[in-house]
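Engineer: Before I ask anything, here is the structure I am working with.
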Amino acid sequence: MVKQSSLTRGNVAKMFDINPETLRYYETQKLIKKPLRLHNNYRIYDKEDIAHIHFILKAKKSGLSLKEIQILLNFSLTPKVDREKIRTVIQEKSRNISERIKQLRSTQKALDKLFLLCKQDKQSPECPILNAFSKRSNGSL
């Protein structure tokens, strides 16, 4: 692990196994504050920056978007945390994921149906899968 006293952008990127440009992007998106700069213009990150980066990366692994992460970070900066609002953000994300799962299952069923149709219809010179995606198809997936 990198020493806490020399946390340049490259050091932080190595610490979290991310691209150094990711840190710059987080700065432009105002997810982290602009870090201090050394005389050689290297960015230097403090413990607070490291904590925010850790928060961002863990939240991303949980499926949150950067916009949602920004909302949560803003809540974390207020003196009195509004847990109800935080729960609302997470509940909405969970609903969105459930809806996406439903859509993916529906798409999977349609693709499975096309696969079986193609597998069973060996006599036709035309491919049912290609027909389903072409203009010749009058049905939908």
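Engineer: Picking from Asn11, Asn96, which residue would you name as being surrounded by 12 or more Cβ atoms within 10 Å (Cβ to Cβ), closer than 30 Å to Ile129 by Cα and not hydroxyl-bearing (Ser, Thr, Tyr)?
Structural biologist: Asn96
Engineer: With the checklist (1) over 30 Å from Tyr25 (Cβ atoms); (2) modelled with pLDDT under 90 in hand, flag the one item Thr78 doesn't pass.
Structural biologist: (1)
Engineer: Same structure, new question: Take the residues of the stretch 76-110 that are part of a helix (DSSP H, G or I) and of a type in the set (Ser, Thr, Tyr): which is nearest to His52 (Cα to Cα)?
Structural biologist: Ser76
Engineer: Out of Leu57, Leu73, Leu31, I need the residue that is part of a loop (DSSP other than H, G, I, E, B), modelled with pLDDT of 90 or more and within 27 Å of Gly10 (Cβ to Cβ). Which one?
Structural biologist: Exactly one residue qualifies, and that residue is Leu31.
Engineer: For the stretch 17-28, give me each residue that is surrounded by 14 or more Cβ atoms within 10 Å (Cβ to Cβ) and either among the polar types (S, T, N, Q) or in a loop (DSSP other than H, G, I, E, B) (or both).
Structural biologist: Ile18, Thr22
Engineer: Oh, and also: So which residues in the stretch 60-70 are in a helix (DSSP H, G or I) and of a type in the set (A, V, I, L, M), if there are any at all?
Structural biologist: Selection gives Leu66, Ile69.
The values are calculated or read from the model by the stated rules, or taken from the named source; none is laboratory data. Just so it is clear, the structure is predicted and the values come from calculations on it, not from any experiment. Positions of Cβ are backbone-derived with ideal geometry, glycine not excepted, and every protein chain shown enters the neighbour counts.
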